[in-house]
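The values are calculated or read from the model by the stated rules, or taken from the named source; none is laboratory data. Not measured: the values here are computed from a predicted model. Cβ placement follows ideal geometry from the backbone for every residue including glycine, while neighbour counts extend to all protein chains displayed.
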């Protein structure tokens, strides 16, 4: 590892590229501290000593030169070079989008090649790398659409993807690619606190941590194999049963939550409630039927959907803070309130800054029965009070007509055809709203939610009680420590115009 450490000293930083990335928050994933060389070695040891596909411990990786290592988002190549120094691989490949980073990676690799040539080392790497430099390659490409990248992934035994700063959309695209291209029983290492958004990868180990430049960071190890659903169901079955979710829909709920598949838009559309009303209702664009165990497909698609929570808070103070700090949130929530807001004045930017408590009060009053809550209890705190989380559903969920309540009270009572329930995901450490069909829905019909599942008096908010709640334990409002530290590092880099290292 010492020679690798010396070789990377030949690398330089493209300060213009760093400044350009820092100015574009959407591309923050292109810049963050490199994984320390020792941490790569530690991560490989964690994976190597994991159970193999047959269950034998310590055989997940052979390290005999017959396996391929691929790093997606390889930056300046530190992970690839450290992997080559730590274990014997048939091939070590880095895939990186930025040409400047690939050039720096090749610069360090050339140093190692020169050292090997000068020493007339027949094994091309003894003393420096367990894997010879001739077996190391850096590819400048977008992994999603590069044939060379796909070819490397198709032969990989271990794919390393430190995706902590990647957007949810990019992570979903990469997960789909890995599921399609990687061979069965191949291993995937993710550097994100959230799970890999794919049902094709089963966790091999509990969540691990490694050291990064800014502190501890998450490390998840997966195998491309079946078994993920069984693990998920073991954790979430009590919630599913309590909510009354039919067993035929459990796999569908698992897939849609895991892959963050908010696909209800393919089955419904929003329509004005009447010609003289601005309020919207949800209308089915195709026929929908309730779950039928006899007709269950592999994942029971079509009868269950997930909805997002547009707003989540644990107290008035939390509500005020989120409204003041999240751009556009007030406008979004006010639009969801529709005619229910009545003549109330929407909080403007000045009020948000001068009196955020008053601004929050106005939004809460306008939201009314669109707000609901759930309680989070710790497994080791049986019988003790949990943390109450208040939420407002997204554009579809907030516009589902609710049987005999709120704005629907003036309408002729209609039988419910959908049921809603919040489901807390232990993987994502946040809640989603499950919505599933409970009665046949014809194309063009208005969706009506059963208010007894998420909308009855037991879920209505007691604002007085909310003012006493603490946000410390709220899962949706806590960032993983590494992500918070990463953001702090980026802020410091933006302020100074420089960064310790780039990837």
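Would you mind stating whether residue 219 is touching a helix residue (DSSP H, G or I) at 6+ places or on another chain (Cβ under 7 Å) and under 30 Å from residue 450 (Cα atoms)?
no
Every residue, every condition in (1) modelled with pLDDT under 85; (2) surrounded by fewer than 19 Cβ atoms within 10 Å (Cβ to Cβ); (3) not assigned by TED's automatic domain parsing to the domain that holds residue 302, yes or no:
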| residue | (1), (2), (3) |
| --- | --- |
| 406 | yes, yes, no |
| 409 | yes, yes, no |
| 435 | no, no, no |
| 440 | no, yes, no |
| 444 | no, yes, no |
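Condition check ((1) assigned to a loop (DSSP other than H, G, I, E, B); (2) buried (at least 17 other Cβ atoms within 10 Å of the Cβ); (3) on the phi < 0 side of the Ramachandran plot; (4) in the same structural domain as residue 430 (by TED's automatic domain parsing)) across all residues:
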residue	(1), (2), (3), (4)
134	no, no, yes, no
143	yes, yes, yes, no
153	no, yes, yes, no
163	yes, yes, yes, no
170	no, no, yes, no
185	yes, no, no, no
221	no, yes, yes, no
235	no, no, yes, yes
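Here are some conditions: (1) closer than 22 Å to residue 217 by Cα; (2) under 27 Å from the mean Cα position of the chain (by Cα); (3) at pLDDT 75 or above. Residue 33 meets all but one. Which one does it not meet?
With respect to (1) closer than 22 Å to residue 217 by Cα; (2) under 27 Å from the mean Cα position of the chain (by Cα); (3) at pLDDT 75 or above, residue 33 is out only on (3).
Run down 100, 85 and say which single residue is closer than 17 Å to residue 7 by Cβ, in a helix (DSSP H, G or I) and touching a residue at least 24 places away in the same chain (Cβ under 8 Å).
After ruling out the rest, the residue left standing is 85.
Could you please find all residues in segment 337-361 being under 32 Å from the mean Cα position of the chain (by Cα), closer than 20 Å to residue 390 by Cβ and assigned to a helix (DSSP H, G or I)?
Answer for segment 337-361, where residues must be under 32 Å from the mean Cα position of the chain (by Cα), closer than 20 Å to residue 390 by Cβ and assigned to a helix (DSSP H, G or I): 337, 338, 352, 356, 357, 359, 360, 361.
When you scan segment 117-132, do you find a residue that is farther than 16 Å from residue 5 by Cβ, surrounded by fewer than 19 Cβ atoms within 10 Å (Cβ to Cβ) and modelled with pLDDT of 90 or more, even just one?
There is no residue in segment 117-132 that is farther than 16 Å from residue 5 by Cβ, surrounded by fewer than 19 Cβ atoms within 10 Å (Cβ to Cβ) and modelled with pLDDT of 90 or more.
Residue by residue, here is whether (1) more than 15 Å from residue 434 (Cα to Cα); (2) in contact with a helix residue (DSSP H, G or I) (Cβ under 9 Å, 6 or more places away or on another chain); (3) in contact (Cβ under 8 Å) with a residue 40 or more places away in the chain holds:
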position: 200; (1), (2), (3): yes, yes, no
position: 206; (1), (2), (3): yes, no, no
position: 238; (1), (2), (3): no, no, no
position: 245; (1), (2), (3): no, yes, yes
position: 249; (1), (2), (3): no, yes, yes
position: 268; (1), (2), (3): yes, no, yes
position: 275; (1), (2), (3): yes, no, no
position: 281; (1), (2), (3): yes, yes, yes
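Looking at this structure, is residue 244 at pLDDT below 90 and not assigned by TED's automatic domain parsing to the domain that holds residue 190?
Yes; evaluated as a whole, the condition is true for this residue.
Assess whether residue 413 counts as being modelled with pLDDT of 85 or more, loosely packed, with under 14 Cβ neighbours inside 10 Å and farther than 24 Å from residue 332 by Cβ.
So residue 413 fails the test.
I'm checking my understanding of the structure. Among residues of segment 197-208 that are surrounded by 16 or more Cβ atoms within 10 Å (Cβ to Cβ) and more than 15 Å from the chain's Cα centre (by Cα), which one is nearest to residue 252 (Cα to Cα)?
Within segment 197-208, the match that is nearest to residue 252 (Cα to Cα) is 200.
Spot the failing condition for residue 59; the list is (1) within 20 Å of residue 223 (Cβ to Cβ); (2) modelled with pLDDT under 90; (3) touching a helix residue (DSSP H, G or I) at 6+ places or on another chain (Cβ under 8 Å), and only one is missed.
For residue 59, the failing item is (3).
Please go through segment 86-103 and give me each residue that is surrounded by fewer than 24 Cβ atoms within 10 Å (Cβ to Cβ) and at pLDDT 90 or above, ordered by number.
88, 90, 91, 97, 99, 102, 103 - these are the residues of segment 86-103 that are surrounded by fewer than 24 Cβ atoms within 10 Å (Cβ to Cβ) and at pLDDT 90 or above.
Considering only residues that are in a loop (DSSP other than H, G, I, E, B) and either modelled with pLDDT of 95 or more or under 19 Å from residue 44 (Cα atoms) (or both), which ones fall in segment 201-217?
Of everything in segment 201-217, those that are in a loop (DSSP other than H, G, I, E, B) and either modelled with pLDDT of 95 or more or under 19 Å from residue 44 (Cα atoms) (or both) turn out to be 204, 205, 206, 207, 213.
Yes or no, residue by residue, for (1) closer than 30 Å to residue 116 by Cβ; (2) assigned by TED's automatic domain parsing to the domain that holds residue 207; (3) at pLDDT 85 or above:
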{"residue": "25", "(1), (2), (3)": "no, yes, no"}
{"residue": "28", "(1), (2), (3)": "no, yes, no"}
{"residue": "37", "(1), (2), (3)": "yes, yes, yes"}
{"residue": "47", "(1), (2), (3)": "yes, yes, yes"}
{"residue": "50", "(1), (2), (3)": "no, yes, yes"}
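Table: residues versus (1) outside the structural domain of residue 394 (by TED's automatic domain parsing); (2) surrounded by 17 or more Cβ atoms within 10 Å (Cβ to Cβ); (3) at pLDDT below 85; (4) in a helix (DSSP H, G or I).
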residue: 270; (1), (2), (3), (4): no, no, no, no
residue: 278; (1), (2), (3), (4): no, no, yes, no
residue: 282; (1), (2), (3), (4): no, yes, no, no
residue: 300; (1), (2), (3), (4): no, yes, yes, no
residue: 311; (1), (2), (3), (4): no, yes, no, no
residue: 334; (1), (2), (3), (4): no, yes, no, yes
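Return the residues of segment 218-229 that are at pLDDT 90 or above and over 18 Å from the mean Cα position of the chain (by Cα); say none if nothing qualifies.
223, 224, 225
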